[in-house]
Amino acid sequence: MTVPAHSVVPAPVEVIPAPGVAFALRPDAVIEAPTAFLGSYLADVLRPPTGFALPVVTAGAGPGDIALVLADVAGLPDDGYELEATADRVTIRSRTETGLFHGVQTLRQLLPSTVEARTVHAGPWTVPGGRIRDYPRYGYRGAMLDVARHFFGVEVVKRFVDQISRYKLNVLHLHLSDDQGWRLAVDAWPRLAEVGGATQAGGGPGGHYTKAQYAELVAYAAARHVTLVPELDMPGHVNAALTAYPELTCDGAAPPPYTGVDVGFSTLCVGKDVTYAFVRQVLAEVAALTPGPYLHIGGDEAHSTPAADYREFLRRVQPLVTATGKTVLGWHQIGPADPVPGRTVQYWGRTPEPDEDARAAIANGDRLLLSPANRVYLDMKYDPQTPIGLDWAGHITVRTAYDWDPATLLPGTPDVIGVEAPLWTETVATPADIDLLTFPRLPAVAELAWSPQSRRDWTEFRSRLAAHGPRWTLQGIGFHPDPEIPWT
Ligand code: ACM
């Protein structure tokens with residue numbers, strides 16, 4: 001049995017089927033790939049379920065083989081690819097390794113779902129014949145994992161990278177600090193991780209990444225064409241930092257560690273010079289670990305920072321970001337603060353009308369990243385029965401997450417660079433919790449960010465998505481069986 005081409009999520013830009021034609025992988029097939037990583041990535045997917053040897057070669061693919069080819073494909077942007085399946089072979093072409101990686105994800109979904117098994121299964125390992133031409137709608141296709149409320153170690157984050165990259169997302173935003181914990185070692189301020197990292201929501205042991213571990217995550221993600229965006233939230237959401245360095249508070253007294261889930265009670269002291277030495281040194285060290293373009297400085301829910309202080313803080317801090325060579329990213333509350341060039345604002349509103357802060361960002365001409373809380377906050381419950389999650393932005397079914405258009409969410413013609421689905425972890429403590437809230441909504445958001453609006457249709461998406469349930473089961477992902485999806 002073959003999976004129809006139309007089960008691919010996110011929907012490709014163009015699919016031209018070749019009726020009656022199918023490719024079948026032969027037991028003696030080879031994988032031709034231009035880099036060792038791409039070849040071994042695909043071989044690692046295909047060898048366990050097929051039991052085939054699938055040697056990786058750099059040239060000479062023939063009948064029955066798979067070829068990944070770096071080539072200039074007319075009319076395709078850099079991260080696009082073309083996948084051609086004939087009776088003879090499967091060829092994926094792209095100008096870039098990123099495009100080839102995207103094509104590999106599509107190939108994986110064109111094979112029978114048992115390709116996701118890690119034990120040998122019966123073939124045939126067929127791919128429906130035809131040609132796919134595909135490229136993304138938006139350059140920023142993101143997910144966020146809050147490792148501050150609950151800490152998740154390197155292996156859990158790598159697994160999340162694996163999951164999001166299968167759906168062609170290319171950004172992982174890590175929320176690295178909050179009232180409940182500080183998660184990244186900083187040499188100039190060692191107590192941030194040692195003291196500020198030793199707590200989490202609910203009172204567990206917390207934890208933090210050493211610089212070596214963080215660099216390992218950056219490299220692991222980069223190999224999968226995912227860029228890390230580190231967030232150090234300020235001037236609010238800083239209780240963990242203040243427990244470690246009381247000189248950052250206005251009264252100099254260390255607050256107790258915080259393991260609850262309230263927000264808005266902590267602030268850096270805007271009037272003290274040490275605050276800016278702290279921010280400058282932290283940002284410099286994080287920038288040095290970050291090949292990607294963005295440093296996220298939070299800026300949300302600074303309810304304990306007087307409005308004038310908040311603007312003054314950002315007036316001084318945004319240039320500290322740009323001085324590192326990075327671009328400022330912040331939650332849309334930074335909208336009223338003086339913009340700096342290239343600034344990008346992450347919209348997390350939940351009403352049809354943007355609030356004053358978002359309107360200020362749009363009026364500034366800030367670039368916008370869309371994370372409307374009532375659509376793509378993965379920490380919201382699906383329905384009242386969902387065992388974990390919050391509901392302040394409503395219940396978010398798969399349809400609610402899927403059925404909107406980023407181009408028309410906000411009035412006017414804002415400069416939208418993409419979509420990001422945040423997973424806040426106040427109620428999320430285990431990898432199984434991550435899976436339950438992420439699947440199936442993350443693939444729905446991935447299609448929003450990748451596929452042209454003209455290719456997106458809820459009714460058709462439902463049946464495509466249904467074919468992914470068995471794949472998730474084989475991958476060990478415990479997903480929410482949303483009743484609107486006709487699971488097979
Ligand atoms: C947020 O949800 N506080 C950005």
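Only one of (1) surrounded by 21 or more Cβ atoms within 10 Å (Cβ to Cβ); (2) over 27 Å from the mean Cα position of the chain (by Cα); (3) charged (D, E, K, R) is not met by Glu82, so which one is it?
All conditions are met except number (2).
Given the criterion farther than 20 Å from Ser266 by Cβ, within 18 Å of the chain's Cα centre (by Cα), at pLDDT 95 or above and surrounded by fewer than 24 Cβ atoms within 10 Å (Cβ to Cβ), identify the matching residue among Val156, Val120, Val115. Give the derivation first.
Numbers: Val120 fails: within 18 Å of the chain's Cα centre (by Cα); Val115 fails: within 18 Å of the chain's Cα centre (by Cα).
From the options Val156, Val120, Val115, the qualifying one is Val156.
May I ask you to list pairs of residues, at least six apart or on different chains, whose Cβ atoms are under 9 Å apart, with the first in the stretch 459-476 being charged (D, E, K, R) and the second being at pLDDT 95 or above and outside any helix (DSSP H, G or I)?
Glu460/Ala11; Arg462/Glu484; Arg462/Ile485; Arg462/Pro486; Arg464/Val8; Arg464/Val9; Arg464/Ala11; Arg471/Ile477
For the stretch 376-418, name all the residues that are closer than 27 Å to Gly365 by Cβ, among the acidic types (Asp, Glu) and modelled with pLDDT of 95 or more.
Asp405
Which of (1) under 26 Å from Leu437 (Cβ atoms); (2) of a type in the set (Asp, Glu); (3) buried (at least 16 other Cβ atoms within 10 Å of the Cβ) does Asp134 not meet, given it meets every other one?
For Asp134, the failing item is (1).
In the stretch 118-142, what count of residues is obtained for those that are under 23 Å from Val45 (Cα atoms) and not β-branched (Val, Ile, Thr)?
Going residue by residue through the stretch 118-142, those that are under 23 Å from Val45 (Cα atoms) are 118-135.
Keeping just the survivors that are not β-branched (Val, Ile, Thr) gives 118, 121-125, 128-131, 133-135.
Looking only at that region, the number is 13.
Here is a check on your reading of the model: is Asp482 in contact (Cβ under 8 Å) with a residue 40 or more places away in the chain, of a type in the set (Asp, Glu) and surrounded by fewer than 23 Cβ atoms within 10 Å (Cβ to Cβ)? Before you say what the answer is, go through the steps one by one.
Working: in contact (Cβ under 8 Å) with a residue 40 or more places away in the chain: yes; of a type in the set (Asp, Glu): yes; surrounded by fewer than 23 Cβ atoms within 10 Å (Cβ to Cβ): yes.
Yes; evaluated as a whole, the condition is true for this residue.
Check Gly325, Gly389 and return the single one that is within 16 Å of the ligand (Cβ to nearest atom) and not aliphatic (A, V, I, L, M). Let's see the steps before the verdict.
Working: Gly325 fails: within 16 Å of the ligand (Cβ to nearest atom).
Step by step, each of Gly325, Gly389 is checked, and only Gly389 is within 16 Å of the ligand (Cβ to nearest atom) and not aliphatic (A, V, I, L, M).
Can you tell me which of (1) farther than 24 Å from Pro352 by Cα; (2) free of Cβ contacts under 8 Å to residues at least 24 places away in the same chain is the one Ser454 doesn't meet?
It is condition (1) that Ser454 fails.
For the stretch 287-319, give me each residue that is assigned to a helix (DSSP H, G or I) and within 15 Å of the ligand (Cβ to nearest atom). Break it down into steps so the answer makes sense when it comes.
From the stretch 287-319, those assigned to a helix (DSSP H, G or I) are 287-288, 307-319; that's our starting set.
Scanning the stretch 287-319 gives a single hit, Tyr310.
Consider the stretch 239-279. How many of its residues are of a type in the set (D, E, K, R) and either closer than 30 Å to Ala421 by Cα or touching a strand residue (DSSP E or B) at 6+ places or on another chain (Cβ under 8 Å) (or both)? Even if it seems obvious, please write down each step before you answer.
First, the residues of the stretch 239-279 that are of a type in the set (D, E, K, R): 247, 251, 262, 272-273.
Right, trim to either closer than 30 Å to Ala421 by Cα or touching a strand residue (DSSP E or B) at 6+ places or on another chain (Cβ under 8 Å) (or both) and you get 262.
Result for the stretch 239-279: 1.
Which residues, counting only those in the stretch 341-386, are of a type outside the set (A, V, I, L, M) and within 12 Å of the ligand (Cβ to nearest atom)? Outline the logic, then answer.
Residues of the stretch 341-386 that are of a type outside the set (A, V, I, L, M), as a first pass: 341-344, 346-357, 359, 364-367, 371-372, 374-375, 377, 379, 381-386.
The answer is Gln346, Tyr347, Trp348, Gly349, Arg350, Asp357, Ser371, Pro372, Asn374, Tyr377, Asp379.
Do you know which of the residues in the stretch 196-231 that are within 28 Å of Ala337 (Cα to Cα) and touching a Gly at 6+ places or on another chain (Cβ under 7 Å) is surrounded by the most Cβ atoms within 10 Å (Cβ to Cβ)?
Of the stretch 196-231, the ones within 28 Å of Ala337 (Cα to Cα) are 227-231.
After this cut, where a residue has to be touching a Gly at 6+ places or on another chain (Cβ under 7 Å) as well, the list is 227-229, 231.
Working: Thr227: 18, Leu228: 23, Val229: 25, Glu231: 28.
Checking each candidate, the answer is Glu231.
For the stretch 193-238, which residues satisfy the criterion of being within 16 Å of the ligand (Cβ to nearest atom), in contact with a strand residue (DSSP E or B) (Cβ under 8 Å, 6 or more places away or on another chain), farther than 30 Å from Tyr41 by Cα and not hydrophobic (A, V, I, L, M, F, W, C)?
Asp233, Gly236, His237
Please tell me if Pro63 is out of contact with any Leu (no Cβ under 9 Å at 6 or more places or on another chain) and of a type outside the set (D, E, K, R).
On the way: out of contact with any Leu (no Cβ under 9 Å at 6 or more places or on another chain): yes; of a type outside the set (D, E, K, R): yes.
Taking the combined requirement at face value, the residue satisfies it.
Taking the stretch 101-131 only, how many residues are in contact with a helix residue (DSSP H, G or I) (Cβ under 6 Å, 6 or more places away or on another chain) and either of a type in the set (A, V, I, L, M, F, W, C) or more than 20 Å from Phe23 (Cα to Cα) (or both)?
6
Report yes if some residue within the stretch 358-377 is assigned to a loop (DSSP other than H, G, I, E, B), surrounded by 18 or more Cβ atoms within 10 Å (Cβ to Cβ) and more than 23 Å from the chain's Cα centre (by Cα); otherwise report no. Steps first, please.
In the first step, residues of the stretch 358-377 are kept if they are assigned to a loop (DSSP other than H, G, I, E, B); the result is 365-366, 371-372, 377.
Of the ones still in play, those that are also surrounded by 18 or more Cβ atoms within 10 Å (Cβ to Cβ) are 366, 371-372, 377.
Still in the running and more than 23 Å from the chain's Cα centre (by Cα): none.
No, the conditions are met nowhere in the stretch 358-377.
Taking helices (runs of 4 or more DSSP H) that fall entirely within the stretch 430-488, which contain at least 1 residues that are more than 17 Å from Thr106 (Cα to Cα) and of a type in the set (D, E, K, R)?
Details: elements: 431-438, 441-450, 458-466, 469-474.
Answer list for the stretch 430-488: 431-438, 441-450, 458-466.
The values are calculated or read from the model by the stated rules, or taken from the named source; none is laboratory data. Here the structure is a predicted model, which means the values were calculated and not measured. In this analysis, Cβ positions are derived from the backbone assuming ideal geometry, glycine residues included, and neighbour counts consider all displayed protein chains.
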